[in-house]
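Q: First the structure, then my questions, so here it is.
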Amino acid sequence: MLKKVLLLSASAGAGHVRAAQAIEKALKEAGKEAGIVREVHHLDTLEFTNKVFRHLYSKAYIELVNKLPEVPGWFYDKLDKPWKNERRRLALDKLNTRPFIKLLREYQPDMIICTHFLPAEIVSWLKAKERIASRQAIIVTDFDVHAMWLCHHYERYFVAIDESRAYLEALGIPRDKITVSGIPIDPIFALHKDKHEMRLKHGLAPDRTTILLSAGGFGVGSVDRLITSLFPLQHSVQIVAICGHNKDLKERLSKLAAGINPNATVMLKPFGYTLEMDELMAASDLVLGKPGGLTTSEALAKGLVLAIVNPIPGQEERNSDHLLEAGAAIRCNNLPTLAYKLDRLLADPVRLATMRANVYGMARPNAAHDIVQKLLELS
C-alpha cells in the first residue's frame with residue numbers, strides 16, 4: 001500500500017507541471033478503484049527555493065527562450081555530458097533548496113515521483129545519505145534524456161521512446177529499472193471525440209481543414225507573423241489559435257480575425273485559456289508550433305500530424321529530430337515557405353495518411369495510467 005505519494009514538478013515551463021498533474025489524476029483514479037493509495041500531493045519544487053533561484057529557473061529561463069533561444073540551447077548542449085559536473089550542480093542545488101530538503105525529511109513519503117530533474121537530483125542525494133527511505137520514480141518529459149536527468153539512487157525511470165531506454169542502458173542504468181511508457185498526459189486525451197461534433201461545438205466550420213496553433217508558445221510579436229505567413233495558403237483552412245493567458249495576444253488576433261473576408265481561403269478563430277484542449281485537438285487535422293514534450297504527446301494521442309516551426313535549440317530540436325525521423329512531422333525554418341510546405345502536404349492525401357499512421361505509431365495516450373500501474377507494482 002502507498003500511504004503517502006509525493007509528486008514533484010517545477011514550474012520552469014508548463015510541461016513538467018502538466019505531466020505531474022496527469023499522474024496525479026491517474027493515481028487518484030487507480031487509488032480509488034483499488035483502495036491502496038491514501039494520500040497524493042503535488043508540489044512545485046521551486047516554491048521551496050529562494051527567490052533569486054526561483055526567478056532564474058522560471059521567469060529568466062522563459063525570457064531567454066523567447067528573446068535569445070540560442071543561449072539556453074547552448075547551455076543545453078554544453079551541460080549534456082553524462083555523469084559530469086554532478087557535484088558542482090548538486091552543491092548549487094542544495095544551497096538553494098534547503099526548505100525543500102527540510103520538507104522531504106519531515107514528510108517522508110512512501111513514493112516520490114519526479115517530473116523534473118531538479119527534485120530528482122535532491123531526492124537521489126538524500127537517499128544516498130540515508131536521510132529519507134522514500135522510493136523514487138523519475139519521469140522524463142521529453143523524447144531525449146538530457147544528462148541532468150541522470151541520478152544514482154532511484155527505483156524506476158520512465159522514458160518516452162525505445163531509443164531513450166537504449167541510451168540509458170548504454171550509460172549503465174539497469175534495463176529492469178527502465179520503462180518505455182511515453183510522456184504522461186491527461187487521461188482525457190485518450191477518449192475518442194467526434195471531429196465533426198467538436199467543430200460544431202466550438203463554432204468551427206465543419207468542412208475546412210483545421211490547423212491548431214498553440215500561440216502561447218511563441219515570443220511576443222512572432223505569432224502575428226506566423227499567422228500572416230499562412231494567408232497565401234491555397235487550401236481552404238481554419239486556424240484555431242490558442243492564446244492561453246495572454247489577453248493582449250487574444251485581443252490582437254481577434255481584431256485580425258474580424259478583418260478577414262468571410263470568403264477568404266484562410267480563416268482565423270482565436271481562443272483564450274481553455275480546459276478543453278483535448279476537444280480542440282479532436283476538431284483539428286494538424287498541429288502547428290513548437291514540439292514541447294507534453295503538447296507533442298497530446299497531439300500524437302489525438303492523431304495529429306505536426307508542422308514544426310523554428311523549434312527552440314536544445315530539447316525541442318531533439319524532439320523535432322525524433323518526430324521527423326518517425327515520419328510524424330514536417331518542419332519549417334523559414335516563415336515565407338510555411339504556406340508552400342503545408343499546401344504540398346495537404347495536396348498529397350496519401351502522404352498525409354501515411355504520416356497520420358506514423359503518428360498513431362508513436363502515440364501513448366494511456367501513458368499516465370501505464371505509469372501508475374507500474375508504480376503500484378513497485379509498492
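Q: Can you tell me which of Arg364, Arg351 is under 30 Å from Leu2 (Cβ atoms), open to solvent by 60 Å² or more (accessible area, probe 1.4 Å), modelled with pLDDT of 95 or more and of a type in the set (Lys, Arg)?
A: Working: Arg351 fails: under 30 Å from Leu2 (Cβ atoms).
The conditions single out Arg364.
Q: Moving to a separate point now. Give segment 267-294 a look and list any residue that's open to solvent by less than 30 Å² (accessible area, probe 1.4 Å), assigned to a helix (DSSP H, G or I) and not small (Gly, Ala, Ser), or say none.
A: Listed by number, the residues that qualify are Asp278, Glu279, Leu280, Met281, Leu294.
Q: Still on this structure, please answer the following. Among the residues of segment 316-339, which ones are within 25 Å of Phe231 (Cα to Cα) and charged (D, E, K, R)?
A: Listed by number, the list holds a single entry, Arg331.
Q: From the list Asn85, Asn66, which one is open to solvent by 60 Å² or more (accessible area, probe 1.4 Å), on the phi > 0 side of the Ramachandran plot and either among the polar types (S, T, N, Q) or at pLDDT below 80 (or both)? Steps first, please.
A: Details: Asn66 fails: on the phi > 0 side of the Ramachandran plot.
Asn85 is the lone residue from the list that is open to solvent by 60 Å² or more (accessible area, probe 1.4 Å), on the phi > 0 side of the Ramachandran plot and either among the polar types (S, T, N, Q) or at pLDDT below 80 (or both).
Q: Based on this model, can you work out whether Thr179 counts as open to solvent by 10 Å² or more (accessible area, probe 1.4 Å), polar (S, T, N, Q) and either touching a strand residue (DSSP E or B) at 6+ places or on another chain (Cβ under 8 Å) or at negative phi (or both)?
A: Details: open to solvent by 10 Å² or more (accessible area, probe 1.4 Å): yes; polar (S, T, N, Q): yes; either touching a strand residue (DSSP E or B) at 6+ places or on another chain (Cβ under 8 Å) or at negative phi (or both): yes.
So Thr179 fits the description; yes.
Q: Between residues in segment 239-266 that are assigned to a strand (DSSP E or B) and residues that are among the small types (Gly, Ala, Ser) and modelled with pLDDT of 90 or more, which pairs lie under 7 Å by C-beta distance while being six or more apart or on different chains?
A: Matching pairs, first to second residue: Val240/Ser284.
Q: Next question, about the same structure. Residue by residue through segment 344-379, note down the ones that are assigned to a loop (DSSP other than H, G, I, E, B) and among the charged types (D, E, K, R).
A: Pass one, segment 344-379, residues assigned to a loop (DSSP other than H, G, I, E, B): 347-348, 363-366, 379.
Matches in segment 344-379: Asp348, Arg364.
Q: Residue check, Ser164 against (1) in contact (Cβ under 8 Å) with a residue 60 or more places away in the chain; (2) surrounded by 17 or more Cβ atoms within 10 Å (Cβ to Cβ), all met but one. Which one?
A: All conditions are met except number (1).
Q: Looking at segment 368-379, I want the residues that are surrounded by fewer than 24 Cβ atoms within 10 Å (Cβ to Cβ) and have a partner that is among the hydroxyl-bearing types (Ser, Thr, Tyr) with Cβ atoms under 6 Å, at least 6 apart or on another chain. Which pairs are those?
A: So the pair list comes out as Asp370/Ser181; Lys374/Thr179.
Q: Please state which of the following conditions Asp110 fails to meet, knowing it meets all the rest: (1) in contact with a strand residue (DSSP E or B) (Cβ under 7 Å, 6 or more places away or on another chain); (2) free of Cβ contacts under 8 Å to residues at least 40 places away in the same chain; (3) surrounded by fewer than 24 Cβ atoms within 10 Å (Cβ to Cβ).
A: In the conditions (1) in contact with a strand residue (DSSP E or B) (Cβ under 7 Å, 6 or more places away or on another chain); (2) free of Cβ contacts under 8 Å to residues at least 40 places away in the same chain; (3) surrounded by fewer than 24 Cβ atoms within 10 Å (Cβ to Cβ), Asp110 misses (2) alone.
Q: While we're looking at this one, here's another question. Which members of segment 122-148 meet the condition of being within 27 Å of Glu298 (Cβ to Cβ) and either open to solvent by 10 Å² or more (accessible area, probe 1.4 Å) or assigned to a loop (DSSP other than H, G, I, E, B) (or both)? Full working, then the answer.
A: Start the filter on segment 122-148 by keeping residues that are within 27 Å of Glu298 (Cβ to Cβ), which leaves 136-148.
Once the filter is applied, which keeps residues that are within 27 Å of Glu298 (Cβ to Cβ) and either open to solvent by 10 Å² or more (accessible area, probe 1.4 Å) or assigned to a loop (DSSP other than H, G, I, E, B) (or both), segment 122-148 yields Val140, Thr141, Asp142, Phe143, Asp144, Val145, His146, Met148.
Q: Now for a separate question. Give me the pairs, please: first residue somewhere in segment 297-308 and over 15 Å from Phe189 (Cα atoms), second residue anywhere and among the basic types (Lys, Arg), beta-carbon distance under 9 Å, and either six or more positions apart or on two chains.
A: Listed pairs, sorted by first residue: Val305/Arg356; Leu306/Arg331; Ala307/Arg331; Ala307/Lys341; Ile308/Lys290; Ile308/Arg331.
Q: Being over 22 Å from the mean Cα position of the chain (by Cα), within 17 Å of Ile112 (Cβ to Cβ) and either modelled with pLDDT of 75 or more or surrounded by fewer than 19 Cβ atoms within 10 Å (Cβ to Cβ) (or both) is the requirement here; does Glu47 meet it? If you could, list the steps in order and put the result at the bottom.
A: Working: over 22 Å from the mean Cα position of the chain (by Cα): no; within 17 Å of Ile112 (Cβ to Cβ): yes; either modelled with pLDDT of 75 or more or surrounded by fewer than 19 Cβ atoms within 10 Å (Cβ to Cβ) (or both): yes.
Here the answer is no, as Glu47 does not meet what is asked.
Q: Has segment 191-198 got at least one residue that is part of a loop (DSSP other than H, G, I, E, B) and either closer than 24 Å to Phe75 by Cβ or of a type in the set (Ser, Thr, Tyr) (or both)? I'd like the intermediate steps shown before the answer.
A: Quick first cut of segment 191-198, residues part of a loop (DSSP other than H, G, I, E, B) only: 191-194.
Retained after the next criterion (residues that are either closer than 24 Å to Phe75 by Cβ or of a type in the set (Ser, Thr, Tyr) (or both)): none.
Among the residues of segment 191-198, not one is part of a loop (DSSP other than H, G, I, E, B) and either closer than 24 Å to Phe75 by Cβ or of a type in the set (Ser, Thr, Tyr) (or both), which makes the answer no.
Q: Identify all residues within segment 1-29 that are assigned to a strand (DSSP E or B) and either open to solvent by 10 Å² or more (accessible area, probe 1.4 Å) or closer than 14 Å to Cys114 by Cα (or both); write none if there are none.
A: Step one: filter segment 1-29 for residues assigned to a strand (DSSP E or B), giving 2-9.
Matches in segment 1-29: Lys3, Lys4, Val5, Leu6, Leu7, Leu8, Ser9.
Q: Name the pairs whose Cβ atoms lie under 7 Å apart, with the first residue in segment 202-230 and open to solvent by 30 Å² or more (accessible area, probe 1.4 Å), the second polar (S, T, N, Q) and modelled with pLDDT under 90, and 6 or more positions between them or separate chains?
A: Pairs found: Gly216/Asn246; Val220/Asn66.
Q: Any residue at all in segment 320-336 that's under 30 Å from Lys78 (Cβ atoms), open to solvent by 10 Å² or more (accessible area, probe 1.4 Å), part of a loop (DSSP other than H, G, I, E, B) and among the charged types (D, E, K, R)?
A: There is no residue in segment 320-336 that is under 30 Å from Lys78 (Cβ atoms), open to solvent by 10 Å² or more (accessible area, probe 1.4 Å), part of a loop (DSSP other than H, G, I, E, B) and among the charged types (D, E, K, R).
The values are calculated or read from the model by the stated rules, or taken from the named source; none is laboratory data. Values in this document were obtained by computation on a predicted structure and should not be read as measured data. Note that each Cβ is placed from the backbone with ideal geometry, even for glycine, and that neighbours are counted across all protein chains shown. Just so you know, the surface numbers come from the protein's heavy atoms only, side chains and all, with ligands and any DNA or RNA stripped out. Shrake-Rupley method; radii C 1.70, N 1.55, O 1.52, S 1.80 Å.
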